[in-house]
Amino acid sequence: MSNGGRRLRLATFAVPLSGNKGSASMLLGLRDAFHTAGVDAHFSVFSYYPKRDAAIAAGMSDVSVHAGHPKHILVLLPMIVLRAILPALVPSSWKRDVDALRDSDGILLVGGTTFEDSMLYKVPWNLLAALPGYWLRRPTVFLSQTIGPVRHPLNRMLARWTLSRARDVHGRGRRSDAWVHKIGVEHASYQPDLSFAMAVPAFDDVADRNEVVGRFRERLRAEKRTFVGFAPNSIVFTKAKKRGIDYIAFMAGVMQKAHEQGHFPVLIPHSYRDDVSQIHNNDRSLCIAIRQLLPEHVDHFYVDADLTSQELRAMIGQLHLLVASRFHSMISSLSMGVPPITYGWGDHKYLEVLEEFNVPELYATFDALDVAAFAPRLQRFHAERDDLSRRIVAAGETVKPQSLSIPDIIARAIDAGGAR
């Protein structure tokens, strides 16, 4: 991809740099793909955590942060109109946000799960995040989304209206791609999760500069046992609770089973916020509750730190296996060749990625949360670990280069022009 020496300007919605490390890894993977391609690009990140993200982006010369919470977009939309007809009336803070969009070459929707029947409350947000690009007639692209199932009439109607107006739509698995075509949107294709393009630092470099990771390295060197990670998910917790399933007891139970089978458990919050009263994009409170249920004799390591997405991935690469509920902990595991024993909340969200890596047997729905049933699964996948890892690494040789092709895909969308 060549931009003729001009800095490309791209705006993103629905991915913060803080809280959910999966969202951050998609944004960082997008940024790293452009770095790898040698394309100079600036990213205007419309975040629902603008203050925290601005602090993180302070050292990034190619990133600026703007307010992108739904309540902000509800104000941003009329400001777009006002900027066009009476610009003198637009406050300077909003002028900066509107101009970042007006000056952008393309607008990228990078949220994780879009137009999914079991998350109807997110459907208005999926539409709202797309409107600034449509109103300004900027090339708008849905990048590497989980899309579907789309059976609910309201979801189907709004999904078709929204996605049909985007320049391109990319499902991050074959199942998502199929759902987009089922609702009559033909300009859709499969594109791997953006975070597969994220550059991962050397583990020892991370351990040298981070105290918590340094202590983890000490345990790695001291222990003769294999290390099995556990990454819980507040979304799975909430959905399991509605079904009367004790997810916290399950996670504590499977950590104990791993310990009994001779492994060393590692508890990893893959979404992290200091405020444990907030469960959205935050697995820290779950980890604390899980530890309270663990018997004292279950020796384990708890990663109680706000690590970056890159640091988390480097750590996960040191594991023997990962028991994953948080989706992007599974992605990190696959990226590093570590088999993820996965308990998810949206079957095709997880399965379509595991299928791409030829390991669908690693998946079970949260309805199957049962400690007794987990024990033989752990024994089986421990025995098959080397074969599973070989399959994952072999598939990654196709998936990772494909994820790095995203700059060319975006360039073609920009060349094709504005909204459909």
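The values are calculated or read from the model by the stated rules, or taken from the named source; none is laboratory data. Everything numeric here is computed off the predicted structure, so don't read it as measured data. Please note: Cβ atoms are built from the backbone with ideal geometry, for glycine as well, and neighbour counts cover all protein chains shown. When the accessible area is computed, the model is the full protein with side chains, heavy atoms only, and any ligands, DNA or RNA have been set aside. Shrake-Rupley method; radii C 1.70, N 1.55, O 1.52, S 1.80 Å.
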For the pair Ile288 and Ala383, how long in nm is the line joining their label points, each one 7 Å along Cα→Cβ?
4.1
Degrees, to the nearest 10: 385-403 long Cα axis against longest axis of the chain
10
For the chain, the accessible surface attributable to carbon and sulfur atoms (probe 1.4 angstrom, ligands and nucleic acids excluded) amounts in percent to 52
For the range 306-420, the spread of Cα positions along each principal axis, largest first, Å
56, 32, 28
The helix 247-260 Cα axis meets the longest alpha-carbon principal axis of the chain at an angle in degrees, between 0 and 90 and rounded to 10, of 50
Gyration tensor on Cα atoms of the range 8-49, a ≥ b ≥ c root eigenvalues, a/c under 1.5 rounded, else prolate if a/b beats b/c, else oblate, says oblate
Rounded to the nearest 10 Å², what accessible area does Arg165 show when all protein chains are kept and the probe is 1.4 Å?
80
Using the Cα gyration tensor of the chain, the equivalent ellipsoid's semi-axes, largest first and to the nearest Å, work out to 37, 22, 21
If a/c stays under 1.5 just call it rounded; otherwise compare a/b with b/c (prolate if a/b is bigger, oblate if not). Do that for the range 346-414, with a ≥ b ≥ c from the square roots of the Cα gyration tensor eigenvalues.
oblate
Heavy-atom accessible area of Arg52 with all protein chains present, probe 1.4 Å, nearest 10 Å²?
100
Using only the Cα atoms, work out Rg/Rh for the range 101-181, with Rh taken as the Kirkwood radius, to two decimals.
0.95
Over the Cα atoms of the range 78-234, what is the Rg over Rh ratio if Rh follows Kirkwood?
1.13
The range 1-127: Rg/Rh from Cα coordinates, Kirkwood Rh?
0.98
Pairwise centroid distance, computed over Cα atoms, of the range 252-328 with the range 55-106, Å:
37
As I understand it, the value is the acute angle between the Cα axis of helix 153-165 and the longest principal axis of the Cα atoms of the chain; what does it come to in degrees, rounded to 10?
60
Note on the range 293-372: alpha-carbon gyration tensor, axes a ≥ b ≥ c; rule is a/c under 1.5 for rounded, else prolate if a/b larger than b/c, else oblate; result oblate
Directionally averaged shadow of the range 206-301, computed from the convex hull of its alpha-carbon atoms, nm²
6.8
Dipole magnitude (debye, nearest 20) for the range 1-71, charges at Cβ of Lys, Arg, Asp, Glu
200
With every protein chain kept in place and a 1.4 Å probe, the chain has an accessible area per residue in Å² of 39
Placing unit charges on C-beta atoms (Lys and Arg positive, Asp and Glu negative, everything else neutral), compute the dipole magnitude of the chain about its Cα centre in debye, rounded to 20.
1140
Rounded to the nearest 10 Å², the accessible area of Leu136 using a 1.4 Å probe with every protein chain kept is 40
